[in-house]
Amino acid sequence: GLRSLGVTLQSMGISTESQEVLIQSYKTAKKIKADNQISSILQTLGKTAVDLENPGDALFFFEEAEKAASNPQDKLQSRLKQFKLFADYGVNDYATRLAPQLFVQLQQLPPSRTSLYSRINFVAAFSKLENPLQLIPLNDLGNMLAKTVKEARQIEDKQAEAYALKQWGEFYRFTRQFSEAEKLTQQSLDIARQLQSEDIIAQSAWELGRLHKQQ
């Protein structure tokens, strides 16, 4: 209950109160030895620390979440959050070490909403690294995003499909393959309009504008 309240407060942008409630949740879980809850509570504490612009605390919580994880999925999610933190703050040395390992693990996940967004979020963070295509070739990233689009269609998750198409188009723009980039981004925008998803419409339209400007 405390964890759910903490997540709700976080989603409302009430981060300080969220952190206080989540710490109570963590202490309660430790007291009653609810080990299966601890990793997810620590992950949420890490996200709250990110919202509060405290990357040191965020990294601590994400690392502790990885240690406390009782299953491979929680461990992977904790590592992904560490990777995104490193990418967002430009800590390239650590991010580049994690990237190839995470890429292999993400490829092996079975189709699910969690696996789709894990891949999409990985690629979004990966694109912020210096010279990312020297770490993982464009073809390999393209294959992973193509797989993500295919699986999104299989489980009928249109939102994930739109996000994956936009991210795929962005990497084609990096390599100046403008025709492919425009085609994929336009597909993303078309789906976003069908869904009336303002977030994705804004991102895909902005990406198309950037493509036209570059050309």
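The values are calculated or read from the model by the stated rules, or taken from the named source; none is laboratory data. Bear in mind the structure is a predicted one, so any value in this text is a computation, not a measurement. We place every Cβ from the backbone using ideal geometry, glycine too, and count neighbours over all the protein chains shown. Accessible surface areas use protein heavy atoms only, side chains included; no ligands, DNA or RNA. Shrake-Rupley method; radii C 1.70, N 1.55, O 1.52, S 1.80 Å.
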Karplus-derived 3J(HN,Hα), 6.51/-1.76/1.60, for each residue of segment 187-200, Hz, glycine and proline x: 4, 4, 5, 4, 5, 4, 5, 4, 7, 6, 8, 5, 4, 6
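Ignoring ligands, DNA and RNA, what accessible area per residue does the chain give at 1.4 Å, in Å²? Can you show the working numbers first?
Details: 11340 Å² over 215 residues.
Here the per-residue accessible area is 53 Å².
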Cα-centre dipole for the chain with unit charges at Cβ (Lys and Arg positive, Asp and Glu negative), debye to 20: 380
Pairwise centroid distance, computed over Cα atoms, of segment 155-206 with segment 1-61, Å: 32
Most fluctuating residue given options 149, 91, 123, as computed from a GNM of the chain linking Cα atoms under 10 Å: 91
Debye, to nearest 20: dipole size of segment 11-96, +1 on Lys, Arg Cβ, -1 on Asp, Glu Cβ: 400
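Round to a whole number: what % of the accessible area of segment 104-181 belongs to carbon and sulfur, probe 1.4 Å?
On the way: 1660 of 3680 Å².
Roughly 45 percent of what the probe reaches on segment 104-181 is carbon or sulfur.
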Residues listed by number, segment 16-51, amide nitrogen under 20 Å from residue 202 label point at 7 Å toward C-beta: 51
Charge dipole of the chain about the Cα centre (unit charges at C-beta), most positive-ward option of 168, 9, 76: 76
Extended-chain gain in nm, criterion 0.36 nm per residue less alpha-carbon gap, residue 53 and residue 101: 14.6 nm
Over segment 46-113, equivalent-ellipsoid semi-axes from the Cα gyration tensor in Å: 20, 15, 10
Degrees between helix 35-51 axis and first principal axis of the chain (Cα, 0 to 90, nearest 10): 60
Kirkwood Rh (inverse of mean 1/r, distinct Cα pairs), segment 1-127, angstrom: 14.9
Per-residue HN-Hα couplings for segment 153-163 [Karplus 6.51, -1.76, 1.60; θ = phi - 60°; Hz; x = Gly/Pro]: 5, 4, 9, 6, 9, 5, 5, 4, 4, 5, 5
The chain pair-distance distribution - Cα-Cα, 5 Å bins, rounded %: 1, 7, 14, 15, 17, 16, 14, 8, 4, 2, 0, 0, 0
Long-range HN-HN contacts of residue 129 with modeled amide H, under 5 Å: none
FRET efficiency for residue 174 and residue 36, using Cβ-Cβ distance with R0 set to 35 Å, rounded to 0.05: 0.30
Net +/- balance of residues flanking residue 75 in space, Cβ distance below 15 Å, scoring K and R +1, D and E -1: -2
